[in-house]
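Q: Structure provided below as structure tokens; questions to follow.
The values are calculated or read from the model by the stated rules, or taken from the named source; none is laboratory data. Here the structure is a predicted model, which means the values were calculated and not measured. For neighbour counting, all protein chains shown are included, and Cβ atoms are generated from backbone atoms with ideal geometry for every residue, glycine included. Please note that ligands, DNA and RNA were not included when accessible areas were found on the heavy atoms of the full protein model with its side chains. Shrake-Rupley method; radii C 1.70, N 1.55, O 1.52, S 1.80 Å.
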Amino acid sequence: MTTITEANIRLGMILAEAEARQSSISAEKLESRDLIPPTIDSAMAVQALAVGTIGKDVAGWKLGLNNGRPVAAPLLDLYDEVQDSTLTVPKPGAVGIEIEVCFVLAEDLPALPLGETYTRETILEAVESINLGAEFVSYRLTEENRVPFPLFLADRLANHSFVLGPAIDASVMEALALQDPSLPPLMVEAEDDVLFGAIPAHPQMDPVGPLLAYANAQNDHLGGLKRGQVITTGSLCGMIRLGEATRITARWEGIGEMDIQLPG
């Protein structure tokens, strides 16, 4: 169990204030105040303190691996494009976008007793749908992700917001896991500019991998993996800088399409 320290509390409040003001603070200044979290567990505690101060419910999780260890960051601002063919994201401040495959949970995935583990099959049994999604990126740190990893994790892995897109067939996920070269290219465009156009690939190959790993090693302080939450596990196109773009379309021929308007 992670002990909550005064430094954890102070950093959580600083990150929550930066979120509210859409501002950033330098890692150098945080280091001078001895506020850099020393471990992943400490960073997870900071996340929870920041979320408590922000006052929003956890709508989902951004999962990944750091040197083989599963890590998680909460998604707080979630928008559902399924309800609107062209969705307007009201929250300002996004600097980048990542198109991703994500999962909507049909049931809770609680931490299991010692000696019990989830399998890939039991994880998929708990999934209601597999969807295309768009993660928007922003940083509460001046140096962005060029900081010690626990500090980047405390900053919720730079999550700004997440847009849940259309459901896709499970075969697409399996094709990604097998690195199937017959997958169609993913096209990401801003107005008339092509930002990305290539056959997509998942950073861990199998999109289920980080979810399976984290389900078996949960260490957040925000209630874990819950029914109805959206779980995303890695970008299919890397992080794309947005510049002045205000409308983004993502087209994956025969699989899914997203059309998102950003605040000007």
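Q: Check off (1) in a helix (DSSP H, G or I); (2) more than 15 Å from residue 132 (Cα to Cα) for residue 180 and give me the number that stays unchecked.
A: (1)
Q: Also: Please go through region 29-46 and pick out each residue that is touching a residue at least 12 places away in the same chain (Cβ under 8 Å) and not small (Gly, Ala, Ser).
A: Answer for region 29-46, where residues must be touching a residue at least 12 places away in the same chain (Cβ under 8 Å) and not small (Gly, Ala, Ser): 30, 33, 34, 35, 36, 37, 38, 39, 40, 41, 44, 46.
Q: Filter region 77-87 down to the residues that are at pLDDT below 95 and in a loop (DSSP other than H, G, I, E, B) and list them by number.
A: Across region 77-87, the qualifying residues are 84, 85, 86.
Q: Inside region 145-165, can you point out the residues that are in contact with a Lys or Arg (Cβ under 9 Å, 6 or more places away or on another chain) and either among the aromatic types (Phe, Trp, Tyr) or in a strand (DSSP E or B) (or both)?
A: 152, 159, 160, 161, 162
Q: Here is a follow-up. Within region 249-258, is even one residue within 25 Å of residue 58 (Cβ to Cβ), in a loop (DSSP other than H, G, I, E, B) and touching a residue at least 40 places away in the same chain (Cβ under 8 Å)?
A: Scanning region 249-258 turns up no residue that is within 25 Å of residue 58 (Cβ to Cβ), in a loop (DSSP other than H, G, I, E, B) and touching a residue at least 40 places away in the same chain (Cβ under 8 Å).
Q: I've got another one for you. Go through 258, 205 for me and flag whichever is within 19 Å of the chain's Cα centre (by Cα), of a type in the set (A, V, I, L, M, F, W, C) and open to solvent by 40 Å² or more (accessible area, probe 1.4 Å).
A: On inspection, the qualifying residue turns out to be 205.
Q: Here is a further query. Looking only at region 106-145, filter to residues that are free of Cβ contacts under 8 Å to residues at least 12 places away in the same chain and under 30 Å from residue 258 (Cα atoms); which one of those is most open to solvent (accessible area, probe 1.4 Å)?
A: Going through the qualifying residues, I end up with 125.
Q: For region 50-76, which positions are part of a loop (DSSP other than H, G, I, E, B) and crowded, with 17+ Cβ neighbours inside 10 Å?
A: Residues satisfying the conditions are 58, 59, 76.
Q: Hey, another quick one. From the list 210, 203, which one is assigned to a loop (DSSP other than H, G, I, E, B), on the phi < 0 side of the Ramachandran plot, touching a strand residue (DSSP E or B) at 6+ places or on another chain (Cβ under 7 Å) and not polar (S, T, N, Q)?
A: After applying the criteria, what remains is 203.
Q: Please find, among 134, 111, the residue that is in contact with a Gly (Cβ under 9 Å, 6 or more places away or on another chain), at pLDDT 95 or above and part of a loop (DSSP other than H, G, I, E, B).
A: None of the others qualify; the one that does is 111.
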